[in-house]
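All remarks here apply to the structure that follows.
The values are calculated or read from the model by the stated rules, or taken from the named source; none is laboratory data. As the structure is a computational prediction, the values presented were derived from the model and not from experiment. Here Cβ is always computed from backbone atoms with ideal geometry, including for glycine, and neighbour counts include all displayed protein chains.
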């Protein structure tokens, strides 16, 4: 028997109350947001319906789960409208949603009440193949709704000096992945080229390619080593295209204009996302000490704005880990104040051609901020609406990082309406 689910705090609106208060926010997208906020727990019955031959299983993502377990479970869910929900398996005592199998259907449950029918993601054909060097292609590239997701390096050098972002577990997750899954910490260009070649053989499955890794400040100029490696990997990807440019996104450090011009000139890259993580200078210095030391908040912003001149409007954006601005002990104590501060900074960027998207903060056990509670559902709804309004106000496209390409940003999902 499952334990009784505790009720939300009295000051926090329930799912139904939020749905009633914000009728303009699609109910299925609201559920997606809350599934990411609270996490999920898969029952034995639900897991018995996982077919490794058909379904895409987790374990290879660059970040870990809420329960710290790498056992291969469904990586994501699909809701009735096609909305993708990348899930984080969560212990029962943390009050997650329940994914169960009832009456011949996979369903999402909350407090014993059935909310929605769901499906598991199906894996692409290349997941069954290995590269010529013997690496499973599923370890080289992960699949998103319509995007091939490459994680060339799973190590962040900020961790070397204990200056990793406080919400992040990338290095601790890498240690576990190497030990339990034998994942390569750094990809070889040839393995990447072969994997992309096979992935593109599945007609209509993918429309874009994304790269992301940990930061590397080494080189003649800071981050030259990271830039060199990305160029090497992007050239390997480009071997599979007849055109000089191909639909692509790089999620990376905020590079200098010189470094960005080199990447744009030498590769097929079309869009750029230097994740600032938190839109507040004071909290940036606390939560992202490595980024603050090697680049700095104001310089990070300046580099993003300068990138617009290289990639163009609508092709530069940044992501924030929404809710971490409320982390204890130094974060905002009030959600209204946090929202006002974040949206003010997001508008400053939007007015200069840089869009902001968010992911829901997951307090992972391998991170410094483990054990904390993320923001209320209403906060995430208000933030999503606010960011979408800014994109509309400043006429910024987000199609390179929307529901079709990534599927992990509740705010950019609104662009489909």
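State all residues of region 61-74 that are within 22 Å of residue 44 (Cα to Cα) and modelled with pLDDT under 90; if no residue qualifies, say none.
Listed by number, the residues that qualify are 64, 65, 66, 67, 68, 69, 70, 71, 72, 73.
If residue 230 satisfies all but one of (1) without any contact (Cβ under 8 Å) to a residue 60 or more places away in the chain; (2) assigned to a helix (DSSP H, G or I), what's the number of the condition it fails?
So residue 230 meets the others, but not (1).
Working carefully through the options 291, 328, find the one that is part of a helix (DSSP H, G or I) and either more than 19 Å from residue 391 (Cβ to Cβ) or not assigned by TED's automatic domain parsing to the domain that holds residue 257 (or both).
Just a single option satisfies the conditions, and that option is 291.
Here's the yes/no breakdown for (1) part of a loop (DSSP other than H, G, I, E, B); (2) at pLDDT below 95; (3) buried (at least 22 other Cβ atoms within 10 Å of the Cβ):
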residue: 243; (1), (2), (3): yes, no, no
residue: 249; (1), (2), (3): no, no, yes
residue: 258; (1), (2), (3): no, no, no
residue: 286; (1), (2), (3): no, no, no
residue: 317; (1), (2), (3): no, no, yes
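For region 121-150, which residues satisfy the criterion of being touching a residue at least 40 places away in the same chain (Cβ under 8 Å) and in a strand (DSSP E or B)?
Matches in region 121-150: 122, 141, 142, 143, 147, 148, 149, 150.
Would you tally the residues in region 156-190 being surrounded by fewer than 20 Cβ atoms within 10 Å (Cβ to Cβ), over 17 Å from the mean Cα position of the chain (by Cα) and under 20 Å from residue 319 (Cβ atoms)?
Number of matching residues: 2.
Return the pair list, or none, for Cβ contacts closer than 7 Å from residues in region 246-258 that are free of Cβ contacts under 8 Å to residues at least 40 places away in the same chain to residues that are in a loop (DSSP other than H, G, I, E, B), at least 6 apart or on different chains.
Hits for this filter: 246/268.
May I ask you to say which residue of 403, 358, 380 is at pLDDT 95 or above, closer than 20 Å to residue 144 by Cβ, under 19 Å from the mean Cα position of the chain (by Cα) and buried (at least 21 other Cβ atoms within 10 Å of the Cβ)?
Result: 358 is the single residue among 403, 358, 380 that is at pLDDT 95 or above, closer than 20 Å to residue 144 by Cβ, under 19 Å from the mean Cα position of the chain (by Cα) and buried (at least 21 other Cβ atoms within 10 Å of the Cβ).
Of the residues 213, 153, 179, which is without any contact (Cβ under 8 Å) to a residue 40 or more places away in the chain and within 30 Å of residue 287 (Cα to Cα)?
179
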